[in-house]
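For reference, the structure discussed in these notes is given below.
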Amino acid sequence: MTDSERHDEYEVAVVGGGPAGLTAAVYTTRLGHDTVVINRGGGRAAMMLDTHNVIGVTEDVSGNEFLQTAQEQVREYGADYHRDFVEGAERLDDGRFRLTANDVEVVADHVVLATGFSDVRPDPPLPRTGRGLHWCLHCDAYMFVDQPVWVMGTGESAAAVAMIMLNFTDEVDLLTRGDEPEWSEETQRQLEAHPVDVVHKEVTDMEKGEDGWLEAFVFEDGTRRAYRGGFPMYGSDYNTDLAEQLGVELNDDGTIAVDDHGRTTVEGVSAVGDVVPGHNQIPVAMGQGAKAGIGVHYRLRKYPRSLEEIESGGEVTSDQVPGISQRLRERAREHNADAAAPPVDTEGTSSADD
């Protein structure tokens, strides 16, 4: 789509281009609502070297490849897509929302926040993400069956993950890197009852193989411990600036409070993905995006009119339907015609039966 064809007014604006945001955009667009996605780029999914736990997607698909396919699908159905960073959000007097990014400004009837979070990274030395540094226990624990694993941190979550990893391997070290543990006495008793080696010395260096994978950490006393990989557990910074600008309620842990369809405490604002409570998984995020997209459709669809609307505005006439915009109507016709066209052989003639 060219710059001259871009629209600055939409029914739905999705902020964030991860699996949750893009799924929400697919649903709202296919359900007939003019939609724009504004995505700053990056995010957890983009960091993945391999895709795990997503049925129908093979592991050799990287996160960037996965997201690129999703972006192309969103555009194909008729949504607009901008690579930009939204820095401002406000509610207008007419109830709509204005989103201000670096290079684009849009007004929308409904906003979907899919802004995610950033994992707190420990200090280096650290291996490369996906080559010994891993952020998702539920995605990657399978990779470390019978392999030596490290867990890094001083809090309750670090201790818990270290014990959880014993379900997959008998070689688990919990690295505090010289900091005082912050887990409770009860957790300490649990740790003492599990074969987890708590290492308090600081990491000063690491060794990597020719394939780039971590092979070992070296500690301040010169000792070397071999590892295949591990998990830093230092918490998350949730990207809730826009939610706070719009007056959306947050939970005590910093996530956005939502109902079962992603609706926030502010009418017209939904939130999905890693910025809301729940497991930080691609299939979970996609499910949240789908439910939120359907919920937005319930709110924005024109028909059926209620009895009150009929009494105040009259019956629906044939020239008022369909409710889909002319722009999306034309795009749907093109898309459906392309999908229905018979395959063409290498000679350029139809391969369908005469």
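Derivation of every value follows stated rules applied to the coordinates shown; laboratory data play no part. Computed from a predicted model, the values in this text were never measured in an experiment. So basically every Cβ, Gly included, is an ideal-geometry build from the backbone, and we count neighbours across all protein chains shown.
Computed over region 15-142, relative contact order equals 26 percent, with contacts defined as Cα pairs under 8 Å that lie 6+ residues apart.
For region 1-154, a crude dipole built from +1 on the beta carbon of Lys and Arg and -1 on the beta carbon of Asp and Glu, taken about the Cα centre, is about 520 debye to the nearest 20.
Rank-order 291-301, 253-263 by packing density, defined as the average count of other C-beta atoms within 10 Å over each peptide's residues, highest first.
Numbers: 291-301: 19.9, 253-263: 17.5.
The packing order, highest mean first, is 291-301, 253-263.
Simple spin-label estimate for H279 and N336 gives 3.7 nm between the two label positions (7 Å along the Cα-to-Cβ direction from each Cα).
Given a Förster distance of 35 angstrom, what is the FRET efficiency for E210 paired with E87, based on the Cβ-Cβ distance and rounded to 0.05? The calculated FRET efficiency here is 0.20. Straight-line cross-link partners of K291 among the lysines, defined as a Cα under 26 Å from its Cα and at least 8 positions apart when in the same chain: K302. With unit charges on the beta carbons (Lys and Arg positive, Asp and Glu negative) and the dipole taken about the Cα centre of region 137-232, which residue among L166, G230, C139 sits farthest to the positive side? My answer, from the dipole projection, is C139. For region 137-232, the square roots of the Cα gyration tensor eigenvalues, ordered a ≥ b ≥ c, give a/c of at least 1.5 with a/b no greater than b/c, which places it in the oblate category.
Order 116-122, 74-80, 183-189 from most to least packed using the mean count of other Cβ atoms within 10 Å. Could you put the intermediate results ahead of the total?
On the way: 116-122: 16.7, 74-80: 20.9, 183-189: 12.3.
Output ranking for 116-122, 74-80, 183-189: 74-80, 116-122, 183-189.
Rounded to the nearest Hz, the phi-derived 3J(HN,Hα) couplings of region 294-303 under the Karplus curve 6.51 cos²θ - 1.76 cosθ + 1.60 (θ = phi - 60°) are 5, x, 4, 4, 4, 6, 9, 4, 7, 10, where x marks glycine and proline. Evaluated with a Cβ-only charge set (Lys, Arg +1; Asp, Glu -1), the chain carries a dipole of roughly 400 debye about its Cα centre, given to the nearest 20. Between R75 and V54, the FRET efficiency estimated from the beta carbon spacing at R0 = 25 angstrom works out to 0.75. Dipole magnitude for region 137-232: about 140 debye, using +1 per Lys or Arg Cβ and -1 per Asp or Glu Cβ, origin at the Cα centre. Pairs of Cα atoms nearer than 8 Å and 6+ residues apart set the relative contact order; for region 114-265 it is 28 percent.
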